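Participant: This is the structure, below, for whatever I ask next.
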Amino acid sequence: MSRQHIAEHFPGPVLDDGLWVDHYLPQWTTADRSAARYDFDAAGLRLRIDADQPAWLPADGPMRVSNIQTGTYSGARGSKVGTHRHRLDLEVATEQPVSKLWTASGGTVTVKASASADPSCMVGIWLVGFEQSGPADSGELCLAELFGHTISPTNSTVRVGVKAHHDPRLVTDVSDVDLPIDTSGPHDYSVRWGAEGAEFAVDDTVIKVCRQHLNYDLQLMIDLFEFPPAEASDPAAYPKVAHIHQVILNTR
């Protein structure tokens, strides 16, 4: 499903389940591990990593994540069919319905977010191939990856670009762009894409152009990751948080 214009301000007290799934790639793990932790405040949606949150997938180590995404898709349990298969040995653990709450093959997406400056955290904003049309349609437009250890009050690094994943028509082309901003505060991360390629911008300033065409349905994923050094962490260090203030979706 693709509505031509959506403006999401996260008023709460619950997520709009006509637009968002509050699990991270739930097909590859179990529901208790994929479920997002979040709440709402005056600034919008507050994604959290809590002290008692389980690892997303034990085979991937202690990584934890709270994510919202605009669809789900998988094959049957035990198959290798599903959105964003980041490892070739992954198998579906929890079968998902085909749910295209919002997908697009061209348009403009803008996400206003405040990242976590915790050095173990990363905020990701991605458009990823839905893959219902086939596993080759798996490329990604990375609007932003914001690693806490690269954030300071005067300078931050924003990772943007195209990731090929399993799409043989694409070449991975990502850049770490240093900007004179503090990404722990609110900034707009956007992409405009279509047949001519993709333009990535921060606060309406284009910082990267990729002349590659992803001409298939992409779903939006917004996530807060924690890459803890060990399963046991000091509870006093939690929750770790990032804010998603606004999402604007315009479909061509």
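Participant: Do you know which residues across the stretch 178-209 are surrounded by 16 or more Cβ atoms within 10 Å (Cβ to Cβ), of a type in the set (Asp, Glu) and under 24 Å from Arg252 (Cα atoms)?
Facilitator: Scanning the stretch 178-209 gives Asp188, Glu199.
Participant: What pairs come out if I take residues in the stretch 172-193 that are more than 11 Å from Ala144 (Cβ to Cβ) and pair them with residues that are part of a loop (DSSP other than H, G, I, E, B) and aliphatic (A, V, I, L, M) whose C-beta lies under 6 Å away, six or more apart or interchain?
Facilitator: Listed pairs, sorted by first residue: Thr172/Ala164; Ser184/Ala115; Ser184/Ala117.
Participant: Among the residues in the stretch 144-154, are any in a loop (DSSP other than H, G, I, E, B), within 24 Å of Gln27 (Cβ to Cβ), at pLDDT 95 or above and over 18 Å from the mean Cα position of the chain (by Cα)? Write out each step before concluding.
Facilitator: We begin by selecting, within the stretch 144-154, every residue in a loop (DSSP other than H, G, I, E, B); these are 152-154.
Still in the list and also within 24 Å of Gln27 (Cβ to Cβ): none.
No, there is no match, as no residue in the stretch 144-154 is in a loop (DSSP other than H, G, I, E, B), within 24 Å of Gln27 (Cβ to Cβ), at pLDDT 95 or above and over 18 Å from the mean Cα position of the chain (by Cα).
Participant: Let me ask something else about it. Just one of the numbered conditions (1) surrounded by fewer than 17 Cβ atoms within 10 Å (Cβ to Cβ); (2) closer than 29 Å to Trp193 by Cβ; (3) in contact (Cβ under 8 Å) with a residue 60 or more places away in the chain is not true of Ala31; which one?
Facilitator: (2)
Participant: State all residues of the stretch 120-143 that are within 17 Å of the chain's Cα centre (by Cα) and aliphatic (A, V, I, L, M); if no residue qualifies, say none.
Facilitator: Once the filter is applied, which keeps residues that are within 17 Å of the chain's Cα centre (by Cα) and aliphatic (A, V, I, L, M), the stretch 120-143 yields Met122, Val123, Ile125, Leu127, Val128, Leu141, Leu143.
Participant: Go through the stretch 6-26 and give me each residue that's buried (at least 20 other Cβ atoms within 10 Å of the Cβ) and in contact with a Ser or Thr (Cβ under 9 Å, 6 or more places away or on another chain).
Facilitator: Trp20, Val21, His23, Tyr24, Leu25, Pro26
Participant: Let me ask something else. Looking only at the stretch 54-72, how many residues end up being at negative phi, assigned to a loop (DSSP other than H, G, I, E, B) and surrounded by fewer than 21 Cβ atoms within 10 Å (Cβ to Cβ)?
Facilitator: Counting residues in the stretch 54-72 that are at negative phi, assigned to a loop (DSSP other than H, G, I, E, B) and surrounded by fewer than 21 Cβ atoms within 10 Å (Cβ to Cβ) gives 5.
Participant: Also, I was wondering about something else. Considering only residues that are part of a loop (DSSP other than H, G, I, E, B) and of a type in the set (A, V, I, L, M), look in the stretch 184-240 and name the one that is nearest to the chain's Cα centre (by Cα). Reasoning before the result, please.
Facilitator: At the first step, the residues of the stretch 184-240 found to be part of a loop (DSSP other than H, G, I, E, B) are 184-186, 195-196, 203-204, 211-217, 227-234, 238-239.
Applying the additional criterion that residues be of a type in the set (A, V, I, L, M) yields 195, 214, 230, 232.
Values: Ala195: 23, Leu214: 17, Ala230: 23, Ala232: 26 Å.
Here the answer is Leu214.
Participant: Suppose we keep only residues that are hydrophobic (A, V, I, L, M, F, W, C) and at pLDDT below 95 within the stretch 228-252. Which one would you say is nearest to Ala113 (Cα to Cα)?
Facilitator: Applying the first criterion (hydrophobic (A, V, I, L, M, F, W, C)) to the stretch 228-252 yields 230, 232, 236-237, 241-242, 244, 247-249.
Cutting the leftovers down to at pLDDT below 95 gives us 230, 232, 236-237.
Numbers: Ala230: 27, Ala232: 28, Ala236: 24, Ala237: 21 Å.
Among those residues, the one meeting the criterion is Ala237.
Participant: Return the residue satisfying two criteria in turn: it lies in the stretch 73-85 and is part of a loop (DSSP other than H, G, I, E, B) and polar (S, T, N, Q), and of such residues it is farthest from Ser99 (Cα to Cα).
Facilitator: Keep residues of the stretch 73-85 that are part of a loop (DSSP other than H, G, I, E, B), which gives 73, 75-81, 83-85.
With polar (S, T, N, Q) added as a condition, the list becomes 79, 83.
Values: Ser79: 18, Thr83: 11 Å.
Ranking the qualifying residues of the stretch 73-85, first place goes to Ser79.
Participant: Residue check, Ser175 against (1) more than 20 Å from Thr83 (Cβ to Cβ); (2) crowded, with 16+ Cβ neighbours inside 10 Å, all met but one. Which one?
Facilitator: Tallying (1) more than 20 Å from Thr83 (Cβ to Cβ); (2) crowded, with 16+ Cβ neighbours inside 10 Å, Ser175 fails exactly one: (2).
The values are calculated or read from the model by the stated rules, or taken from the named source; none is laboratory data. Note that the structure is predicted; figures quoted are calculated from it, not measured. Note that we place each Cβ from the backbone using ideal geometry, even for glycine, and neighbour counts take in every protein chain shown.
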